[in-house]
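The values are calculated or read from the model by the stated rules, or taken from the named source; none is laboratory data. Fair warning: this is a prediction, and the values are worked out from it, not measured in the lab. Every residue, glycine as well, gets a Cβ built from its backbone with ideal geometry; the counts of neighbours run over all protein chains shown. Just so you know, the surface numbers come from the protein's heavy atoms only, side chains and all, with ligands and any DNA or RNA stripped out. Shrake-Rupley method; radii C 1.70, N 1.55, O 1.52, S 1.80 Å.
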Amino acid sequence: MTRVLHTADIHLTPDDQERMDALRALLNLAEQEEIDVVTIGGDLFNQPENLELLRPDLRNDLFSNRPFEIILIPGNHDIEAYRGDVFFGDSCTVITEEPFGHWTAPDGDLRITGLPYRERSDDDLLLSLQDREPFEGTEVLLLHCSLDAPFDDYETGDEGAHHYFPVTEELLTELGFDYYLAGHYHSPHQVSFSDGSEFTYPGTPASTRTSETGQRRVSVVDPVDGISLEPLDTFHYVSREFTATPGAEQELLDDVRAWAQQHVTDSSEASIHVNGFVEMDEEEFHEELTAAASPANVTNETRNVEHILSHPLYRSFEEEVEETDWDDETTAKVTERTLEVFSQLTAQGEI
């Protein structure tokens with residue numbers, strides 16, 4: 001039974017080895033897991049001109065002599081790279097036919113319909129897809145698109161809110177595929193449609209910007225078990241925000257240390273941001289915070305509140321809080337906000 005490993009948005013560039021390493025890692029994973037076909041849903045290259053610089057390595061190494069087929073479609077970043085007659089390796093098939101092309105698994109149980117990138121759909125395309133040649137096995141649509149779903153705009157990389165090839169669940173389900181393997185959004189998502197079909201964005205296999213946080217993923221399609229998002233041991237950013245409260249500095253340092261030990265790895269670039277207020281000496285706290293977070297990068301925006309805590313107005317506030325019946329969370333939020341206001345007023349010479 002044919003199994004598929006799906007990735008997209010690798011955005012290869014000559015000066016970013018981490019992205020090439022991620023491509024190598026996911027292809028090696030496919031070999032280890034005895035995957036039958038790897039699909040790349042567009043934007044293999046960050047820019048069209050990167051193709052000629054990188055294609056020799058792909059052709060002679062990564063995309064040749066593989067025990068599986070690699071099916072590739074253009075994306076909005078690199079569509080111009082495929083205008084000529086280019087060869088990527090004996091294990092790679094690039095689908096550039098208009099309006100779409102097919103690849104059928106050797107066992108005949110799965111067919112992939114590759115849709116080269118275009119700005120928008122039209123009636124002719126949709127009718128062509130609906131009237132495609134019948135197939136009795138599992139049908140997969142490989143495309144580079146913007147699904148109408150509550151995803152954040154930053155997930156599309158440089159494009160921001162621009163929606164390339166916008167599609168909806170209603171439009172896709174009318175086409176009648178079993179799986180929709182997509183590219184364009186840079187974070188992993190999996191969506192089950194009302195007709196039982198499944199849609200997935202695998203996200204970038206290596207972080208291309210600091211907003212792409214967390215371990216990277218690939219989508220694995222099993223005709224029996226459906227789609228699963230599997231982790232990759234590839235480069236990624238990871239970050240965490242902490243808030244300090246006066247008198248609880250040691251607890252925060254312990255939390256920072258535990259987080260760093262769990263999330264800082266050889267394949268990650270970690271950053272920690274700490275705000276709030278401390279009773280400790282600011283220099284001493286910063287030194288201990290840096291040591292606890294090591295080797296993660298630290299942004300320390302905490303402030304010492306010793307002079308505020310002893311101020312008569314703040315003591316009056318504490319007495320008022322003690323007489324309320326607020327829960328701990330509400331009390332902490334009100335106290336944090338009050339300390340912030342007191343600090344601002346102190347800095348402005350108002351109190």
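Structure data summary
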| read-out | value |
| --- | --- |
| Criterion (touching a Lys or Arg at 6+ places or on another chain (Cβ under 7 Å) and touching a residue at least 12 places away in the same chain (Cβ under 8 Å)) met by exactly one of ILE272, ILE351 | ILE272 |
| Region 253-288, residues that are in a helix (DSSP H, G or I) and in contact with a Phe, Trp or Tyr (Cβ under 9 Å, 6 or more places away or on another chain) | LEU253, ASP255, VAL256, TRP259 |
| In region 170-187, the residues that are over 15 Å from VAL4 (Cα atoms), assigned to a loop (DSSP other than H, G, I, E, B) and either of a type in the set (S, T, N, Q) or open to solvent by 40 Å² or more (accessible area, probe 1.4 Å) (or both) | GLU174, GLY176, SER187 |
| Single condition PHE87 does not satisfy, out of (1) open to solvent by 80 Å² or more (accessible area, probe 1.4 Å); (2) among the hydrophobic types (A, V, I, L, M, F, W, C); (3) touching a helix residue (DSSP H, G or I) at 6+ places or on another chain (Cβ under 6 Å) | (3) |
| Residue count, region 28-61 (criterion: within 29 Å of SER146 (Cβ to Cβ), free of Cβ contacts under 8 Å to residues at least 40 places away in the same chain, open to solvent by less than 80 Å² (accessible area, probe 1.4 Å) and not polar (S, T, N, Q)) | 8 |
| Helices (runs of 4 or more DSSP H) within region 294-351 that include 2 or more residues under 14 Å from THR245 (Cα atoms) and of a type in the set (S, T, N, Q) | 328-347 |
| Top-ranked residue in region 318-343 [being among the hydrophobic types (A, V, I, L, M, F, W, C) and over 24 Å from VAL274 (Cα atoms); ranked as surrounded by the fewest Cβ atoms within 10 Å (Cβ to Cβ)] | TRP326 |
| Close pairs (9 angstrom Cβ cut-off, 6 or more residues apart or separate chains): farther than 14 Å from PHE285 by Cβ and without any contact (Cβ under 8 Å) to a residue 12 or more places away in the chain in region 249-263, polar (S, T, N, Q) and surrounded by 18 or more Cβ atoms within 10 Å (Cβ to Cβ) anywhere | none |
| Among the candidates SER207, SER192, SER146, residue that is touching a helix residue (DSSP H, G or I) at 6+ places or on another chain (Cβ under 9 Å), of a type outside the set (A, V, I, L, M, F, W, C) and modelled with pLDDT of 95 or more | SER207 |
| Residue match in region 319-339 (condition: touching a strand residue (DSSP E or B) at 6+ places or on another chain (Cβ under 7 Å) and either β-branched (Val, Ile, Thr) or modelled with pLDDT of 95 or more (or both)) | no |
| Pick from region 197-227, criterion among the hydroxyl-bearing types (Ser, Thr, Tyr) and not in a loop (DSSP other than H, G, I, E, B), ranking: surrounded by the fewest Cβ atoms within 10 Å (Cβ to Cβ) | THR213 |
| Subset of region 234-248 that is modelled with pLDDT of 95 or more and part of a loop (DSSP other than H, G, I, E, B) - its residue that is least open to solvent (accessible area, probe 1.4 Å) | THR234 |
| Residues located in region 92-111, provided they are touching a residue at least 60 places away in the same chain (Cβ under 8 Å) and within 18 Å of HIS144 (Cα to Cα) | TRP103 |
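This table checks each residue for (1) over 36 Å from the mean Cα position of the chain (by Cα); (2) closer than 23 Å to LEU345 by Cα.
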residue	(1), (2)
HIS263	no, no
SER268	no, no
VAL274	no, yes
ASP281	yes, yes
HIS286	no, no
LEU289	no, no
ASN300	no, yes
GLU318	yes, yes
THR324	yes, no
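Listed here are the residues, each with its yes/no results for (1) open to solvent by less than 60 Å² (accessible area, probe 1.4 Å); (2) in contact with a His (Cβ under 7 Å, 6 or more places away or on another chain); (3) touching a residue at least 60 places away in the same chain (Cβ under 8 Å).
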site: LEU12; (1), (2), (3): yes, no, no
site: ARG19; (1), (2), (3): yes, yes, yes
site: ILE70; (1), (2), (3): yes, no, no
site: PRO74; (1), (2), (3): yes, no, yes
